[in-house]
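Undergrad: After the structure tokens below, expect a handful of questions from me.
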Amino acid sequence: MKLLKGKTALIFGLANKRSIAWGIAQAFHQHGAQLGFSYAGEALERRVNPLADSLGVTFVESCDVSKDEDIAQVVAKAKEAFGEIDILIHSIGFANRDELQGPYYNTSREGFRLAMDISVYSFTALAKAFQPIIRPGGALLTLTYNGGDKVAPNYNVMGVAKAALEASTRYLAYDLGPQNVRVNAISAGPIRTLAAAGVSGFKTMYRQFTEFAPLQQEISIEDVGNTAVYLCSDLAAKTTGEIVFVDSGYNILGVPAPREKESEP
């Protein structure tokens, strides 16, 4: 069964074949969605175009989400190409690398503003701009991380940004509910993406994750893509304002600790 057949989805934040946005794109394609991609700047164009070609995607647009005029241009092009859309994916986050190490209190004022603008406000800006062309029954989806709820060392200003993003998800769900448009977020476990590489100590956290998580399994972009299909399909028609965890159960732990090995009889 193709759960997204007849639906059009725009995916913002595609960077390369390791990005969560690519996992979502592949899953959407497998379930019959018509796709459009947006990426951040010319530097990523050479990586994104081959990915788009592999899925037969012809709508590929650069967009600086810190500029309202850029967003407006993509909306106009999407309206011309598709008329209306059903799904909007926000897979965007950014903070300066030097803000993702050491104490959080060393975050600069400009670094804080930048992280909040790109990682949080962009979701609100996209929701506002695309709201007139999202069909009833549509869905918005963003990507978050448990560092917005609990402290993840060195995640720093991105943790604060994710907390704000999750709050935005709830407020947008309330605002768009009367239009029968749902807004949710996926909180994924650690995945080796371009964004994760900028967090100091990520490799150590990644190695320990499967030792502590209840399922003791790594998280893949395909895992996130499959959950995104569900949340954006009619199967989740009454689910909105939710943070859905795809993290092998790690978020339920109060004190992460390695399991004691059972002694052999």
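The values are calculated or read from the model by the stated rules, or taken from the named source; none is laboratory data. Here the structure is a predicted model, which means the values were calculated and not measured. Cβ sites come from the backbone with ideal geometry, for glycine too, and all protein chains shown count toward neighbours.
Undergrad: Can you tell me how many residues in the range 17-28 are surrounded by fewer than 24 Cβ atoms within 10 Å (Cβ to Cβ) and under 20 Å from Val74 (Cβ atoms)?
TA: Residues meeting the conditions: 0.
Table: residues versus (1) part of a loop (DSSP other than H, G, I, E, B); (2) modelled with pLDDT of 95 or more; (3) in contact with a Cys (Cβ under 9 Å, 6 or more places away or on another chain); (4) of a type in the set (Lys, Arg).
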| site | (1), (2), (3), (4) |
| --- | --- |
| Tyr206 | no, no, no, no |
| Gln216 | yes, no, no, no |
| Thr227 | no, yes, no, no |
| Gly241 | yes, yes, no, no |
| Val244 | no, yes, no, no |
| Gly254 | yes, no, no, no |
| Lys261 | yes, no, no, yes |
| Glu264 | yes, no, no, no |
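Undergrad: Given Ala72, Ala78, which one is in a helix (DSSP H, G or I), in contact (Cβ under 8 Å) with a residue 60 or more places away in the chain and more than 29 Å from Val151 (Cα to Cα)?
TA: Going through Ala72, Ala78 in turn, just one is in a helix (DSSP H, G or I), in contact (Cβ under 8 Å) with a residue 60 or more places away in the chain and more than 29 Å from Val151 (Cα to Cα): Ala78.
Undergrad: Filtering the range 171-189 down to residues that are in a helix (DSSP H, G or I) and not aliphatic (A, V, I, L, M), which residue is nearest to the chain's Cα centre (by Cα)?
TA: Filtering first and then ranking leaves Tyr171.
Undergrad: Check off (1) of a type in the set (Ser, Thr, Tyr); (2) closer than 28 Å to Tyr145 by Cβ; (3) out of contact with any helix residue (DSSP H, G or I) (no Cβ under 6 Å at 6 or more places or on another chain) for Thr58 and give me the number that stays unchecked.
TA: So the condition that Thr58 fails would be (2).
Undergrad: Answer with yes or no whether Asn154 is of a type in the set (S, T, N, Q) and either at pLDDT below 95 or part of a helix (DSSP H, G or I) (or both).
TA: Considered against the rule, which asks whether it is of a type in the set (S, T, N, Q) and either at pLDDT below 95 or part of a helix (DSSP H, G or I) (or both), Asn154 comes out as yes.
Undergrad: Within the range 112-124, identify whether any single residue is touching a strand residue (DSSP E or B) at 6+ places or on another chain (Cβ under 7 Å), closer than 24 Å to Asp64 by Cβ and either surrounded by fewer than 23 Cβ atoms within 10 Å (Cβ to Cβ) or among the hydrophobic types (A, V, I, L, M, F, W, C) (or both), and answer yes or no.
TA: Checked the range 112-124: at least one residue is touching a strand residue (DSSP E or B) at 6+ places or on another chain (Cβ under 7 Å), closer than 24 Å to Asp64 by Cβ and either surrounded by fewer than 23 Cβ atoms within 10 Å (Cβ to Cβ) or among the hydrophobic types (A, V, I, L, M, F, W, C) (or both).
Undergrad: Only one residue in Ala139, Ala95 is part of a loop (DSSP other than H, G, I, E, B), surrounded by 19 or more Cβ atoms within 10 Å (Cβ to Cβ) and touching a residue at least 40 places away in the same chain (Cβ under 8 Å). Which one?
TA: Ala95
Undergrad: Which ones in the range 229-239 are assigned to a loop (DSSP other than H, G, I, E, B) and surrounded by 13 or more Cβ atoms within 10 Å (Cβ to Cβ)?
TA: Correct list: Ser233, Thr239.
Undergrad: Surrounded by fewer than 14 Cβ atoms within 10 Å (Cβ to Cβ) and either touching a residue at least 24 places away in the same chain (Cβ under 8 Å) or within 14 Å of the chain's Cα centre (by Cα) (or both): does that describe Arg47? Spell out the reasoning first.
TA: Details: surrounded by fewer than 14 Cβ atoms within 10 Å (Cβ to Cβ): no; either touching a residue at least 24 places away in the same chain (Cβ under 8 Å) or within 14 Å of the chain's Cα centre (by Cα) (or both): yes.
When the stated conditions are applied, Arg47 does not pass them.
Undergrad: Out of the range 206-235, which residues are of a type in the set (A, V, I, L, M) and touching a strand residue (DSSP E or B) at 6+ places or on another chain (Cβ under 7 Å)?
TA: Ile219, Val224, Ala228, Leu231
Undergrad: So which residues in the range 141-162 are more than 14 Å from Val120 (Cα to Cα) and touching a strand residue (DSSP E or B) at 6+ places or on another chain (Cβ under 7 Å), if there are any at all?
TA: Passing the criteria: only Asn146.
Undergrad: A follow-up question, please. What number of residues within the range 46-97 are of a type in the set (Asp, Glu) and either touching a Phe, Trp or Tyr at 6+ places or on another chain (Cβ under 7 Å) or closer than 26 Å to Met116 by Cβ (or both)?
TA: 5
Undergrad: Take the range 160-174 and flag every residue that is in contact (Cβ under 8 Å) with a residue 24 or more places away in the chain and out of contact with any Phe, Trp or Tyr (no Cβ under 7 Å at 6 or more places or on another chain). Steps first, answer last, please.
TA: Taking the range 160-174 and keeping what is in contact (Cβ under 8 Å) with a residue 24 or more places away in the chain, we get 160-162, 164-166, 168-170, 172-174.
Val160, Ala161, Ala164, Glu166, Thr169, Arg170, Leu172, Ala173, Tyr174 - these are the residues of the range 160-174 that are in contact (Cβ under 8 Å) with a residue 24 or more places away in the chain and out of contact with any Phe, Trp or Tyr (no Cβ under 7 Å at 6 or more places or on another chain).
Undergrad: Restricting attention to the range 48-60, which residues are farther than 18 Å from Gly93 by Cα and not in a loop (DSSP other than H, G, I, E, B)?
TA: Once the filter is applied, which keeps residues that are farther than 18 Å from Gly93 by Cα and not in a loop (DSSP other than H, G, I, E, B), the range 48-60 yields Asn49, Pro50, Leu51, Ala52, Asp53, Ser54, Phe59, Val60.
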